[in-house]
1. Being in the same structural domain as Ile23 (by TED's automatic domain parsing) and within 18 Å of the chain's Cα centre (by Cα) is true for just one of Trp65, Trp49. Which residue is that?
2. Can you tell me which residue among Glu71, Glu88, Glu97 is under 43 Å from the mean Cα position of the chain (by Cα) and at pLDDT below 90?
3. Please identify the pairs in which a residue from segment 51-76 that is hydroxyl-bearing (Ser, Thr, Tyr) has its Cβ atom under 9 Å from the Cβ atom of a residue that is modelled with pLDDT under 90, counting only partners at least 6 apart or on another chain.
4. Identify all residues within segment 1-11 that are surrounded by 10 or more Cβ atoms within 10 Å (Cβ to Cβ) and not aliphatic (A, V, I, L, M); write none if there are none.
Amino acid sequence: MLLDYIALGILFFVIITLFYGIIVIHDIPFEIAHKRNHPHQDAIHIAGWVSLFTLHVLWPFLWIWATLYREDRGWGFKDLQEKESKHEQEIEALKTEARQQGEQTSHTLQQLNEELNKVNARLASLETAEPKG
């Protein structure tokens, strides 16, 4: 009879320990999110509880969701945005430079046309002044 009570006590202990262990394990993503000051920590916490009732299907995604964010770099796209901004500035500088070079080329072309017209006029005057022999 004593062994029955001991077995029942061990059974209750194992059931309570498993129940508590499952809850603790499902709070790991929330703890990660809380530690990293994640902006969605409440949603991660609630999704962890929902995951208990969906046979733990959501739990790996919650882990990933919680670990993606870090307070010092956000979602990890900060460097990408800075590089993109830098590239946009470089493109604008190149466009301005190309526009200036186009204007210089247009001005140089106009000067060359004027000189060509002068040379053609001089050639025409020389041809008319030259005695036909």
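The values are calculated or read from the model by the stated rules, or taken from the named source; none is laboratory data. This is a predicted model, so every value here is computed, not measured. Positions of Cβ are backbone-derived with ideal geometry, glycine not excepted, and every protein chain shown enters the neighbour counts.
1. Trp65
2. So the residue among Glu71, Glu88, Glu97 that is under 43 Å from the mean Cα position of the chain (by Cα) and at pLDDT below 90 is Glu71.
3. Ser51/His26; Tyr69/Trp75; Tyr69/Gly76
4. Gly9
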